[in-house]
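The values are calculated or read from the model by the stated rules, or taken from the named source; none is laboratory data. The model shown is predicted, which means the values in this text are computed figures rather than measured ones. Here the Cβ positions follow ideal geometry from the backbone for every residue, glycine too, while neighbour counts run over all protein chains shown. For the accessible areas, the whole protein counts, side chains as well, though only heavy atoms, and no ligand, DNA or RNA atoms are used. Shrake-Rupley method; radii C 1.70, N 1.55, O 1.52, S 1.80 Å.
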Amino acid sequence: MDADQTWPRRDFIRGAATAGAGLSAFLGGAPALLSQRNPNGRLGVACIGVGTRGHTLLRQAQAAPNVEIRVICDLYKGNIERARKLCANPDVRIEPDWQKATAARDVDAVIIGTPDFWHEPMTVLAAKEKKDIYVEKGLCLTLEEAKRMRQAVKENKVVLQLGHHYRGLPSYHKAREIYRSGQLGKVSLVRTFMDRTTDFRFWKFYTNYNVSVMPPDAGPDTIDWERFIAHAPRRPFDAERFFTWRCWWDYGTGIAGDLMSHLWDGVNMIMDMGIPEAAMVQGGIYFWKGDRDVPDTWNAVFEYPRQDLVVTYSCTQSSNHTGEITQILGRDQTMEVAASDICRTYTSEWKPELREKLAAARKAGYPVGREPAGALLPPDYVFRRGDLQVTSIMEDFLDCVRRRALPRCDIDKAFEEAVAIVMSVESFRRERKVRWDPMKEEIV
């Protein structure tokens, strides 16, 4: 069974009921453009930002049936030329002004693949123009931006998908299924790890993740620097900041929005724990010095005392020995899940049947022992490709645009992610634990 046929629709109905409304209420007084859109017609798309991530999103979108890329917008000529060659529409238009690209009459949806600090103004304008929106994670930089984005999307009744591709991974859907079955027992702790490093300075890639050298033509004649910094502190032309924006607080939220958001949202997809009640972060620049002002080490603790739950995240950018894994520690079983097709469960060590298995294993000469971060015995269940079929989140987005339904990472889930990210950044900056006031919607 395709997981798309189960939880996304069920969750939409459940979420709507929580809000005291169903699908018809979501559409409500939807503008004619929304209510009359032909679900079988060709969707016109504008791709705003076609750099490292954006050119991949362009290819994903145009691979879907009845989708046409009609406008390409970017501030670097090299990105534009690559996107033009990748685009299947020979009549695609190049538009340097993102406002005009968004407002184009033949555009039904926009794909925003720009640096994070541009997400809020672009999303708000797209919503006001009644365009559906696919925007890359992390959602934004500040709580105020997140609130404005949520308001614009809801008031204009447009579809928004936040680009968390883990929500399109079969291993994560299987983990969600296992968790919801109750077989893990009570879960009070979730540990997530994402250790990353490369053979070049981390985050120092240009136009693609495996390109470690700046394009030779990068300069004021090929990069529209003034447009780039129009929504950021003014600085003289700096091609390094243009391409490696993840290294600077001016343009992103560092590890929190780039890496942590993947695993936090993955856990939220599986467990629906929502906005943390409290957060505390330790981090700093301990290895990659001199070319950034965001930390290269990030350790976060998210507390959910009303749910008897703690979620932790740990990241270093100088070693990938641990790699990436999420461990959901239940009383009856532990589950591990990762983007690399991993989903596996282990029986809890305290259970008598496990003790019997251990005794039998020792008797048979099996090398039983406690390795660091290891398990006593092989897992009880191991996910294999083919166990579950799931469409990608781009396919989910385009399907929801046609059906006028809520996608897997809709604006409410996106808002939860944004708050968790901002709470972690605020904790780091204030050097203390911060809390979420759900009544005032403030971080205190």
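Annotations
- Span per principal axis, largest first, for the Cα atoms of the chain (Å): 71, 54, 44
- Cross-link pairs exceeding 32 Å between alpha carbons, from the set Lys204/Lys413; Lys289/Lys413; Lys100/Lys440; Lys131/Lys433; Lys128/Lys186; Lys289/Lys440: Lys289/Lys413; Lys100/Lys440; Lys131/Lys433; Lys128/Lys186; Lys289/Lys440.
- Cα centre as origin, Lys/Arg/Asp/Glu Cβ charges: the range 334-444 dipole, Debye: 400 debye
- Peptides 53-59, 288-294, 73-79, 142-148 ranked from most to least packed by the mean count of surrounding Cβ atoms within 10 Å: 73-79, 53-59, 142-148, 288-294.
- For the range 154-308, the Kirkwood radius over C-alpha pairs fed into Stokes-Einstein at 25 °C and 0.890 mPa s yields D = 131 µm² per second.
- Placing pseudo-labels 7 Å out from each Cα toward the beta carbon at Leu189 and Arg362 gives an inter-label distance of 2.4 nm.
- Accessible surface of Asp410 - all protein chains present, 1.4 Å probe, nearest 10 Å²: 20 Å²
- Cβ-Cβ FRET estimate between Asp412 and Val211, R0 fixed at 30 Å, reported to 0.05: 0.25
- For the pair Asp291 and Asp341, a Förster radius of 30 Å applied to the C-beta separation gives a FRET efficiency near 0.30, rounded to the nearest 0.05.
- Per residue, the chain reaches -9500 deg cm²/dmol at 222 nm when only DSSP H runs of four or more residues are counted, each adding -39500 (n - 2.57).
- Shape of the range 373-444, Cα gyration tensor, a/c cut at 1.5: oblate
- Using 0.36 nm per residue and subtracting the Cα-Cα separation, the extra length available between Glu155 and Thr322 on full extension is 55.7 nm.
- Rounded to the nearest Hz, the phi-derived 3J(HN,Hα) couplings of the range 207-222 under the Karplus curve 6.51 cos²θ - 1.76 cosθ + 1.60 (θ = phi - 60°) are 6, 7, 5, 9, 9, 9, 10, 5, x, x, 8, 5, x, x, 7, 10, where x marks glycine and proline.
- Cα shape, the range 309-444, gyration tensor, a/c 1.5 rule: oblate
- With the simple model of a label 7 Å out from the Cα in the direction of the Cβ, Ser392 to Gln307 spans 2.9 nm.
- Percent of C-alpha pairs per 5 Å bin, the range 284-351, short to long: 4, 13, 16, 17, 19, 14, 9, 5, 2, 1, 0
- Among Val422, Gly254, Pro438 - extreme Cα towards positive end, dipole of the chain, charges at beta-carbon: Pro438
- Each Lys and Arg adds +1 at its Cβ and each Asp and Glu adds -1 at its Cβ; summed about the Cα centre, the chain shows a dipole of about 660 debye.
- Evaluated at q = 0.14, 0.22, 0.30 Å⁻¹, the base-10 log of the normalised Debye intensity for the range 77-123, with identical point scatterers placed on the Cα atoms, takes the values -0.39, -0.96, -1.32.
- Annotation: the antiparallel percentage among DSSP beta bridges lying fully within the chain is about 60.
- With the highest mean first, a sort of the peptides 296-307, 96-107, 113-124 on other beta-carbon atoms found within 10 angstrom per residue produces 113-124, 296-307, 96-107.
- At R0 = 30 Å, FRET efficiency that the Cβ-Cβ distance of Thr222 and Trp249 yields, to 0.05: 0.70
- Dipole of the chain, positive direction: furthest Cα of Thr198, Gln60, Pro407, with charges on the beta-carbon: Pro407
- A simple rule links phi to the HN-Hα coupling: the Karplus curve 6.51 cos²θ - 1.76 cosθ + 1.60 with θ = phi - 60°, which for the range 69-75 gives 6, 10, 9, 10, 9, 7, 9 Hz, with x for Gly and Pro.
- For the chain, the share of accessible area belonging to carbon and sulfur comes to 51 percent (1.4 Å probe, ligands and nucleic acids excluded).
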